[in-house]
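No lab work stands behind these numbers, since they all come straight from the coordinates. Computed from a prediction, not measured in an experiment: that's the story for all the values here.
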Amino acid sequence: MRLISIQEAYARKFERQKRVATLELHASGHCAHIGLISPGCRACFEPDPFRRNILCGARCNAQCRYCSENIVEEPDKEWSIRSKARIYKDSYVDNYSPGAVSFSGGGEPLLYLGVIEEYMAIFRDVAPRMKSKPWYYLYTNGILASSEVLLKLKELGFDEIRFHLGASDFSRKVLRNMEEAVRHFKAITVETPAWPLHRKKIFETLPILNDIGIKHLNLGEIEIKKHNLEKISALLPEAEMYHCHEMHLDDGGLTYDVMEEVAARKFSYSVLDCNCFVKSMQRGPAKGIRHGDIQGLFASYP
């Protein structure tokens, strides 16, 4: 793969954005999207000291060719105790109001239903001290998202489930699980990488997602790390990567091609470019100093 300069990479991205007639920009330009995006994305663009992402564990039941994770050890008991204690400690702070609570990790969260239940019990315990209810959501590759599991997640209080479709190679089983999930949750989101080798399948799936009734489509850039550099280079020897907070794979405009298709066919879901600039805002300290306008950015669900 070829490393390109940030000048070339950024200019290419900004020029492509200008050609998307329906594109909206929020959060000082970090948020490029069409349609109203998920409430779970709010903490990516504004400070929220009480927002929590629970890392469930390291095991995974998929083998993504682009995966950048290399977590081989489960979180130890000491880490788990500290994580849970932090929630209780935060709950006694004045104006305790976590905007969102998510469950993800280096592995597949649905392999850790027991861990999820433990944390959701803690949040129910501290709920009387919350100023408002958080938006609870969970990431999954969808392979284990059976009707029984989905009903369990609904019972636990989840608002949104995010499906990583690329992990199962857009399998029919996962699409059926998503169709079931739409019946039980306020929002179903597809959050999958803008992986160039998935271009054809992404476009084939867009009308299916509309028929299923998903609310949001988030397309992220592949993060290049030592763990996945060699295998991605073998698969995409002519690909280009660039620095932006971390190292990212240039998607060749795939995300904006999808936006134009979704807009042209008047599909009902939003599309978010969850790119390097989102990660820079999400993971950097700058948003705690000042951030751009985000009014009217997020979908509202009763």
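Helix 172-182 and the longest principal axis of the Cα set of the chain meet at an angle near 50°. Here the 3J(HN,Hα) profile of the range 91-107, calculated from phi with Karplus coefficients 6.51, -1.76 and 1.60 at θ = phi - 60°, is 5, 9, 7, 4, 6, 5, 7, x, x, 8, 10, 10, 10, 8, x, x, x Hz, Gly and Pro shown as x.
For the range 2-288, the percent of C-alpha pairs falling in each 5 Å distance bin, counted from 0 to the bin holding the largest distance, reads 1, 5, 12, 16, 18, 18, 15, 9, 5, 2, 0. One chain, two ends: residue 12 and residue 25. Fully extended at 0.36 nm per residue, the span grows by 3.0 nm beyond their Cα-Cα distance.
Out of all DSSP beta bridges in the chain, what portion is antiparallel? Express it as a percent rounded to 5.
Working: 12 of 41 bridges.
For the chain, the DSSP antiparallel bridge percentage is about 30.
List the pairs from 154/201; 18/173; 131/154; 152/231; 77/215; 18/225 whose alpha-carbon separation is above 26 Å, in the order I gave them. Checking Cα-Cα distances, 154/201; 18/173; 152/231; 77/215; 18/225 exceed 26 Å. Calculation over all alpha carbon pairs of the range 5-58 in 10 angstrom steps from 0 returns a P(r) of 18, 36, 29, 16, 0 percent. Comparing 269, 88, 137 in a Gaussian network model of the chain where C-alpha atoms under 10 Å apart are linked, the largest mean-square fluctuation is found at 88.
Net length available on complete extension from residue 182 to residue 291 is 36.0 nm, with 0.36 nm assigned per residue and the Cα-Cα distance removed. Principal-axis analysis of the Cα atoms of the chain puts helix 254-264 at an angle of about 90° to the longest axis.
Normalising the Debye intensity of the range 244-302 to I(0), with uniform scatterers on Cα atoms only, and taking log10 at q = 0.21, 0.30 Å⁻¹ returns -1.03, -1.19.
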